[in-house]
Amino acid sequence: MKKKISLIKSPNGVSYLIPFILITSLFLLWGFAHGLLDVLNKHFQNILHVSKAQSGFVQFSLYIGYLVMAVPAGLIMKRFGYKRGIIFGLLLFATGAFMFYPVAKLGSFWPFLIALFVIACGLTCLETAANPYTTVLGPKESASQRINLSQSFNGLGWILGPLIGGLLIFGGGSSEGATKFDSLLTPYMLIGSVVLVVAVAFIFTSLPEIKEKTTQEQEENPSMRLLLKHPLFIIAVAAQFAYVAAQTGVNSFFINYVTEELPDIQNPIIQIMQNLGKFGAVFMPKNPEQAASLILAFGGMGLFWIGRLSGSWLLGFVSPGKLLTLYGFINAILILFVVMGLGTVSVVALFSCYFFMSVMFPTIFALGIRDLGTLTKKGSSFLVMAVAGGAFCPPLMGFIADSFNMAIGFLIPLGCFAFVSFFGIYSMKKGK
């Protein structure tokens, strides 16, 4: 009979429950921040009349921060440890959020991108610390389950981001004396305040500093060149780049695609909300963009969250490589239906792909850093750096959409999901 493996207890019986809860709260926060970003893309198109390619720079400004900050973040973790790195990341996150107040008063598109870049630098520190931290707060064998459980709260943040952002941003800024940018203030002042509270909680909470085990061939301060001896890690970085590119591309133009494929989407959503009584009245859409943001929140991100929860459970029975292979293949097929532009069928396929995206980031991450030993922190920096894939996909998809149509632009995510499936096959060959 197979021995049951503990999720958050070390082999010697030490419980990591409290550190695990605190670290998991970070996943919720950056999920919310990313969810808000998907609403901004369409919002700037509406109020500034920028092209889809130009609006793609909203994502570029955030995700390029991962590329710039990933290695410094890894060095910060190495020099000062996880706890101080997390507190530094939270303070940067809050600073970027509070920058939205003066930036909104300037009333220009480009200063917003600077604020988003500062937020990205903070998020990079948080992800560099939190992702590997979850994998070592318990047995190595349950690392994939543990990181998927934490990432399920990231999925909850992704639901709340477009839900709250859609209501406040698409429905705000219409009062007398309000500018077209004022609707951005409430959500970002809210998230900035919450992040500060969490930072204070970390300051006054004792967290264990996890030390990775060394091996005979690795030194206490190993060279990054040793990472080249781990082919699974190298391909994991490429797979992570492809996955985040696909996810960001889908998120960025979800509202565009839905409103273009189903221009009257507001009417059926209003009927659904009316049937939900007082609860539905709170989320009653005022325009097609709000209706699409509700589909993104409850349909797409709701499935994403369910996928994270079920994925954490499934990984107790199915190898990570097999799950990646299957989910990557299914998503490639679903996005093919999106490219075909089949109306309601394509919209259903679009938000259904979120369920199968759910396990990709944490599973690729866990596979990539497995068996890296003292290279774990440096390896995790490169895997976080791979999130920069999200910087390049939206402008490219926007350019294709401006030149042809929105549906054709989704060929980019299709190819990315196919590569994720390939990585799953490769990892299986490596016995992972």
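The values are calculated or read from the model by the stated rules, or taken from the named source; none is laboratory data. From a predicted model like this one, the values you see are computed outputs, not experimental measurements. Counting neighbours? That spans all protein chains shown, and the Cβs are built from the backbone with ideal geometry, glycine included.
Screening the candidates Asn12, Asn41 for the property of being of a type in the set (S, T, N, Q), at pLDDT below 85 and surrounded by 20 or more Cβ atoms within 10 Å (Cβ to Cβ) yields one hit, Asn41. In region 94-152, of all residues being among the small types (Gly, Ala, Ser) and part of a loop (DSSP other than H, G, I, E, B), the one that is nearest to Leu26 (Cα to Cα) corresponds to Gly138. Just one of (1) at pLDDT 95 or above; (2) under 18 Å from Val237 (Cα atoms); (3) buried (at least 24 other Cβ atoms within 10 Å of the Cβ) fails for Gly415. It is (3). Is it the case that Met273 is under 27 Å from Leu22 (Cα atoms), at pLDDT 85 or above and out of contact with any Cys (no Cβ under 6 Å at 6 or more places or on another chain)? So Met273 does not fit the description; no.
Does any residue of region 300-316 turn out to be surrounded by fewer than 24 Cβ atoms within 10 Å (Cβ to Cβ), at pLDDT below 95 and over 22 Å from the mean Cα position of the chain (by Cα)? Yes, because at least one residue in region 300-316 is surrounded by fewer than 24 Cβ atoms within 10 Å (Cβ to Cβ), at pLDDT below 95 and over 22 Å from the mean Cα position of the chain (by Cα).
Given the criteria within 30 Å of Arg225 (Cα to Cα), out of contact with any strand residue (DSSP E or B) (no Cβ under 9 Å at 6 or more places or on another chain) and surrounded by 22 or more Cβ atoms within 10 Å (Cβ to Cβ), does Cys393 qualify? Taking the combined requirement at face value, the residue satisfies it.
What single numbered condition from (1) crowded, with 23+ Cβ neighbours inside 10 Å; (2) not in a helix (DSSP H, G or I) fails to hold for Leu296? It is condition (2) that Leu296 fails. Among the residues of region 335-360, those identified as without any contact (Cβ under 8 Å) to a residue 24 or more places away in the chain, assigned to a helix (DSSP H, G or I) and either over 15 Å from Phe304 (Cα atoms) or not hydrophobic (A, V, I, L, M, F, W, C) (or both) are Phe337, Val345. Being out of contact with any helix residue (DSSP H, G or I) (no Cβ under 7 Å at 6 or more places or on another chain), at pLDDT 90 or above, in a helix (DSSP H, G or I) and within 27 Å of Thr134 (Cβ to Cβ) is a property that Leu326 has.
For region 384-397, state whether one or more residues are in a helix (DSSP H, G or I), without any contact (Cβ under 8 Å) to a residue 40 or more places away in the chain and not hydrophobic (A, V, I, L, M, F, W, C). For region 384-397, residues in a helix (DSSP H, G or I), without any contact (Cβ under 8 Å) to a residue 40 or more places away in the chain and not hydrophobic (A, V, I, L, M, F, W, C): absent.
Comparison of Lys140, Lys211 shows that the only residue that is surrounded by fewer than 16 Cβ atoms within 10 Å (Cβ to Cβ), modelled with pLDDT under 80 and under 23 Å from Leu323 (Cα atoms) is Lys140.
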